[in-house]
Structures are given as C-alpha cells and as structure tokens.
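Working notes for the structure below.
The values are calculated or read from the model by the stated rules, or taken from the named source; none is laboratory data. Here the structure is a predicted model, which is why all the values come from computation and not from measurement. When we count neighbours, we look across all protein chains shown, and the Cβ atoms used for this are built from the backbone with ideal geometry, even at glycine. Side chains included, ligands, DNA and RNA excluded: accessible areas come from the protein's heavy atoms. Shrake-Rupley method; radii C 1.70, N 1.55, O 1.52, S 1.80 Å.
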Amino acid sequence: MSVSLYSVKLARTVLVIQLVTFVVIGALFALKDVTWGASAIAGGAAAWLPNVLFMFLAWRLQDQTPAKGRVAWSFAFGEVLKVFATVIFLVVALGGFGAVFWPLAITWLSVLVVQIVAPAVINNKG
C-alpha cells in the first residue's frame, strides 16, 4: 500500500465523496416518497457517521508518537467502536423510526462501496 493511502487529505476526500453519495441517493429516493428519502439518508448516515468517528480517532493519534503496540490497539478499538455505532444507527433507524428497509440498505451499501472503491480510484496514477 502506498503511504498516501493514510493521508488526511485522502481521508477527507473519501468522507466528502461518501457524504455526497448518500445525499444524492437520498434525494433520488425522496422523489418517490419522503419516507423513502429519509430512510435512504438514515442508511447513508449509518455508514458515514461511524467512518467520521473512526477518522477523528485516527487523526487524534497522528501527531503523537505512540508507544509500541498502541497504534494496533487504537485501530482495533476504533474498528470495534465503528461496528457498534453502525449497528446502533441501523437498529435505531429501522426499529425506532420505522425506516423503509430497501432505501436504507441500498444507500448503506452504496456508501460502503464508495469507501472501498474511492481510495483505489483516487490513488490510481496510471
């Protein structure tokens, strides 16, 4: 992996692309029904907000010189926190607010696909 994969600029760019993705998809679903649009926004937020939380945790440690092994534990803690936050957001959206499943799921998966594909596309120099 290239070092630029870990840059703050790349992380910010991916987060902005994810934000635009779920807002656009939410707007498209809102053309069908407002409830579908809100469900799509909830699905996108369930994927995007944990990523933002993880990035804040990662950026917090960037300027420090961490002790040996602390980076791995911080990464593991961030990933566990990210998974729990995602599950909580999805449960609240589906159970608490009664979101429509398909727009929520499609938007959630779209944001995850952007998370995987965007760094490869941005880093492609050739």
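Accessible area per residue of the chain at 1.4 Å probe, in Å²? Provide the component values of the computation, followed by the final result.
On the way: 8060 Å² over 126 residues.
With all protein chains present, the chain gives 64 Å² per residue.
Got the relative contact order for region 3-116 handy, in percent, Cα pairs under 8 Å and 6 or more residues apart? Don't jump to the answer; show the numbers that get you there.
Working: 118 pairs, mean separation 46.3, N = 114.
Dividing the mean separation by the residue count of region 3-116 yields 41 percent.
What accessible surface, in Å², does a 1.4 Å probe find on LEU109, ignoring ligands, DNA and RNA and rounding to the nearest 10?
About 90 Å², rounded to the nearest 10.
Round to the nearest 10 and give me the degree value, 0 to 90, for the angle of helix 101-123's Cα axis relative to the longest principal axis of the chain.
Here the helix axis deviates by roughly 30 degrees.
Give me the accessible area of ILE116, 1.4 Å probe, in Å² rounded to the nearest 10.
130 Å²
Among ALA30, VAL111, ASN51, pick out the residue whose Cα is farthest towards the positive end of the charge dipole of the chain, where Lys and Arg carry +1 and Asp and Glu carry -1 on C-beta, about the Cα centre.
Checked the options; the winner is ASN51.
Please give the helix 34-62 orientation as an angle from the longest Cα principal axis of the chain, in degrees from 0 to 90, rounded to the nearest 10.
10 degrees
Rounded to the nearest 20 debye, what is the charge dipole size of the chain about its Cα centre when +1 sits on each Lys and Arg Cβ and -1 on each Asp and Glu Cβ? Display every interim value, and only then the final one.
Numbers: 8 positive and 3 negative charges, 75 e Å.
That gives a dipole near 360 debye.
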